[in-house]
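Here the structure is laid out as structure tokens; the discussion comes afterwards.
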Amino acid sequence: MATLIQFIASRKIRHDYGSFDKKRDAGQTTPADIKRYDDILYGNDTRLRKWQLLDVYRPKAAVEADGSLKKLPVIVSVHGGAWIYGDKTKYQFYCMRLAQRGFAVINYSYRLAPEAKFPSSMQDTEAVFQWACNNAEQYGFDTSNFFAVGDSAGGHLLSLYTDAITNKEFGKQFDFIKEKPFTLRGVALNCGKYRLDEAEPKFKLLRSGLLPNKGTPEEIEMINSAAHVSKDFPPAFVMTCEGDFLKEDADLMKRSLEAAGVPHEFHCYGTAEKPLWHVFHCDPKLPEAVKCNDDECAFFRSLMR
């Protein structure tokens, strides 16, 4: 049960973030070359079912001569929002731009804190990957070439989920994660948060809303994703920018990948003279965002088999 202060904080963040995203997306429409499949139910939480929906976006031209869907590499997008804000509608235009680069993109909403405590978001991420494997034929997914992107809190969730499926000892804590017939070739971690043990009041409040026991040392250790990177973590594209308030976390993840011997690229966009901002890459009208998303998709293509 969310406390009153958590409820008030979540309402404020949802309002403030929502106002920014509304301005960013004003006037945008579905590109003419994209086929979209909307509002597909992937979960079974009857109380919060409205959050367990996903969309699939594909290039319209990606069809075989007989009219069947051409199998495409897949990008799963894990949205950000401080663990308490966001859904697939806020990421649809960003994700469709990724699809235009030759991918089938899965854009999903997941259950948010404080209404849904951790590991609900991890369970939903697992359910999305299960759904993708079970429906690969219908939507033309190449299960040998799965990729994923996540930003801010979504970067945390994606990195933690990737830890769980590649670090067997760590993954034992999440018995809902099952073996699946897919290969996660690479991930892009964008302006992410990879540790939650700081003393800043804002993160303390967010932790208390996210975690069932409000952030015990054991809980905090469990969700510090940079601490659980293993040698089997897939190749990673770690991105931040000048002006990103989580820039130091990108450096932390870079060091964790280096220590584990994981192939990775580290990119910092913008300059001190021309700084950008947190999750700038979600604005398709921004030249630096186009460059970043081109770089990430090129990184993914370099990993395809």
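The values are calculated or read from the model by the stated rules, or taken from the named source; none is laboratory data. Just so we're clear, the structure is a prediction, and the values are computed from it rather than from any experiment. Every residue, glycine among them, receives a Cβ derived from its backbone with ideal geometry; neighbour counts consider all protein chains shown. Just the protein is used for accessible areas: all its heavy atoms, side chains included, with ligands, DNA and RNA removed. Shrake-Rupley method; radii C 1.70, N 1.55, O 1.52, S 1.80 Å.
Based on Cα positions only, what radius of gyration and what Dmax would you give for the chain, in angstroms?
Cα-based Rg and Dmax for the chain come out at 18.2, 59 Å.
Please give the calculated 222 nm ellipticity per residue for the chain, where each DSSP H segment of at least 4 residues contributes -39500 (n - 2.57) and the sum is spread over every residue; nearest 500 deg cm²/dmol?
Estimated from H runs of four or more residues: -11500 deg cm²/dmol.
Which one of Val78, Ser10, Gly43 has its Cα pushed farthest toward the positive end of the charge dipole of region 1-94, where Lys and Arg give +1 and Asp and Glu give -1 at the Cβ?
Toward the positive end, the furthest listed residue is Ser10.
Between Val149 and residues 5 or more places away or on another chain, which pairs have amide H atoms under 5 Å apart, with H built 1.01 Å from N, and which residues are they?
Val76, Ser77, Val78, Ala188
Regarding region 27-130, what is the average projected area of its C-alpha convex hull, in nm²?
Mean shadow area of the hull around the Cα atoms is 7.3 nm².
Out of all DSSP beta bridges with both ends in the chain, state the antiparallel percent to the nearest 5.
So the antiparallel bridges in the chain amount to around 30 percent.
Give me, ordered by chain and number, the residues 5 or more places off Leu72 or on other chains with an amide H under 5 Å from its own placed amide H.
Amide H neighbours of Leu72: Phe141, Asp142.
Express as a percent, rounded to the nearest 5, the fraction of DSSP beta bridges in region 1-121 (both residues included) that run antiparallel.
Looking only at bridges with both residues in region 1-121, the antiparallel portion is about 70 percent.
Counting every Cα pair in region 150-219, what percent are over 19 Å apart?
Of all Cα-Cα pairs in region 150-219, 44 percent lie more than 19 Å apart.
Return the long-range amide H neighbours of Lys35 (sequence gap of 5 or more, or a different chain), with a cut-off of under 5 Å between placed amide H atoms.
Here Arg58, Lys60 satisfy the definition.
How would you rank 170-179, 61-70, 231-240, highest first, on the average number of other Cβ atoms within 10 Å across their residues?
Top of the packing list down: 231-240, 170-179, 61-70.
Protein chains only, probe 1.4 Å: how do Ser230, Ser302 rank by accessible area, largest first?
Ser302, Ser230
Quick one, what does Rg over Rh come out to for region 238-294 if you take C-alpha atoms and the Kirkwood Rh?
Ratio value, two decimals: 1.01.
Measuring from centroid to centroid over Cα atoms, what is the spacing of region 102-129 and region 245-305 in Å?
Their Cα centres are 22 Å away from one another.
Whenever you get a sec, line up His278, His79 from highest to lowest accessible area (probe 1.4 Å, protein heavy atoms).
His278, His79
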